[in-house]
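Worksheet for the structure shown next.
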Amino acid sequence: MHILVLALTCGFRYIKRTQTPYAHPTANYHDIQAAIPAHMHKRHLGKGLWLAGRDFIVIAAFVTSAVYFETVSETIAGFITSPESPTLFAAAKYAIKMPLWGAYWFLMGAQGAGVWFNGHEVRITPRVFSCIYLTSQIFRLVMVP
């Protein structure tokens, strides 16, 4: 009975995995490096500029959309409730704004963490962004204040 309950909640693969002994992986660093295609190790200035620019464009779009949260919530609350009941209108407005701000905080945090990570990589590895040293140093100053 216990196995059936475990199978229904976790799955049969989980049960099989828990009943087999653990074996350490046999791959080493050179095997992992050999599995990565050679074109993935090449640095491309254009692609790097495009990806960094895209990250900043997405952040600018998030900030621009946040400016309109008040207007959007008032408009939608006006359609849902009547203007004669200010308490219901305010409650509807805040009920609409809370998910908007929650999504904004989550998405902006994820995008900002990505920019921070890229800036950190540029800072600790001088030529990770481009083969040109000066370009990497300029992005080091821009992305890591």
Restricting attention to region 108-130, does a residue exist that is loosely packed, with under 13 Cβ neighbours inside 10 Å and charged (D, E, K, R)?
no
Inside region 45-88, the number of residues satisfying the requirement of being outside any helix (DSSP H, G or I) and within 15 Å of Asn118 (Cα to Cα) is 0
Which residue is farthest from Tyr68 (Cα to Cα), if the candidates are limited to region 80-103 and must be exposed (fewer than 11 other Cβ atoms within 10 Å of the Cβ) and either in contact with a Lys or Arg (Cβ under 8 Å, 6 or more places away or on another chain) or among the small types (Gly, Ala, Ser) (or both)?
Ser82
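Examine region 109-119 for a residue that is among the aromatic types (Phe, Trp, Tyr), without any contact (Cβ under 8 Å) to a residue 24 or more places away in the chain, farther than 30 Å from Leu45 by Cα and out of contact with any helix residue (DSSP H, G or I) (no Cβ under 7 Å at 6 or more places or on another chain), and state whether such a residue exists. Walk me through how you get there before you give the answer.
The first filter runs over region 109-119 and keeps only residues among the aromatic types (Phe, Trp, Tyr), leaving 116-117.
Subset that is without any contact (Cβ under 8 Å) to a residue 24 or more places away in the chain: 116-117.
Of the ones still in play, those that are also farther than 30 Å from Leu45 by Cα are none.
No - not one qualifying residue is present in region 109-119.
Every number here is computed from the coordinates shown, using simple stated rules; none is lab data. Not measured: the values here are computed from a predicted model. Heads up, the Cβs are rebuilt from the backbone with ideal geometry, glycines too, and the neighbour counts pull from every protein chain shown.
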